[in-house]
Amino acid sequence: MPKLHLITYGCQMNEYDSERVAGLLREQSYELTDSAADADLILVNTCAIREKAEDKVFSKLGQLRELKVSRPGLVLGVMGCMAQLQQSVVQQRAPYVDLVFGSPAIARVGELVERARRERRPLLDTG
């Protein structure tokens with residue numbers, strides 16, 4: 001069973017979106033893990049309201065880069081309002097990220113994760 005690690009920054013809506021994503025991916029046989037090192041999929045849920053939240057996201061992505069390098073099959077994604085508004089910035093600053101999508105695409109998270117895994121190239125979803 002593949003494992004999902006969720007990291008959430010920002011508002012209560014982001015907490016809700018993370019719970020929704022966890023539920024949708026559970027339907028795809030993912031189980032939650034508290035350990036990034038054990039995960040097959042790591043999603044960072046972002047906030048665009050405060051600059052400090054953006055700084056935290058890029059700092060966390062820098063830490064996760066080592067995991068991604070050592071485990072190329074790991075899918076690393078960034079989601080949420082910051083991801084939606086700054087897709088190109090995320091891709092420039094963290095080119096090792098596999099998947100970037102905004103809140104409107106949450107309903108399709110399972111499909112997006114599978115595409116990113118299958119295509120093995122960065123997937124930016126605008127919708």
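Which is farthest toward the positive dipole end of the range 14-61 among Ala22, Val44, Thr33, measuring Cα position about the Cα centre, with Cβ charges +1 (Lys, Arg) and -1 (Asp, Glu)?
After comparing all options, I get Val44.
Charges only on Cβ, +1 for Lys and Arg, -1 for Asp and Glu: so what's the dipole of the chain about the Cα centre, in debye to the nearest 20?
Around 360 debye, computed over the chain.
What does the extension gain come out to for Tyr96 and Arg26, with contour length at 0.36 nm per residue minus their alpha carbon separation?
Stretched out fully, the Tyr96 to Arg26 stretch lengthens by 22.7 nm.
Within the P(r) computed for the chain, what percentage of the Cα pairs occupies the region above 22 Å?
Summing the P(r) of the chain above 22 Å gives 24 percent of all pairs.
Please report the carbon-and-sulfur percent of the accessible area for the range 41-103; probe 1.4 Å, protein heavy atoms only, DNA, RNA and ligands left out.
49
With every protein chain left in place, what is the accessible area of Tyr16 in Å² (1.4 Å probe, nearest 10)?
Approximately 120 Å² of Tyr16 is accessible to the 1.4 Å probe.
In Å², and per residue, what accessible area does the range 1-124 have when probed at 1.4 Å with the other protein chains present?
It amounts to 52 Å² per residue over the range 1-124.
As a test of reading the structure, rank Glu119, Glu111 by solvent-accessible area (1.4 Å probe, protein chains only), most first.
The most accessible residue leads, giving Glu111, Glu119.
Hey, what number do you get for the chain at 222 nm if only DSSP H runs of n ≥ 4 count, each worth -39500 (n - 2.57), divided across all residues, to the nearest 500?
-14000 deg cm²/dmol
How much of the DSSP beta bridge set in the chain is antiparallel, as a percent to the nearest 5?
Approximately 0 percent, going by the DSSP bridge assignments.
The values are calculated or read from the model by the stated rules, or taken from the named source; none is laboratory data. Computed from a predicted model, the values in this text were never measured in an experiment. We place every Cβ from the backbone using ideal geometry, glycine too, and count neighbours over all the protein chains shown. Accessible surface is based on the protein model in full, side chains and every heavy atom, while ligands, DNA and RNA are left aside. Shrake-Rupley method; radii C 1.70, N 1.55, O 1.52, S 1.80 Å.
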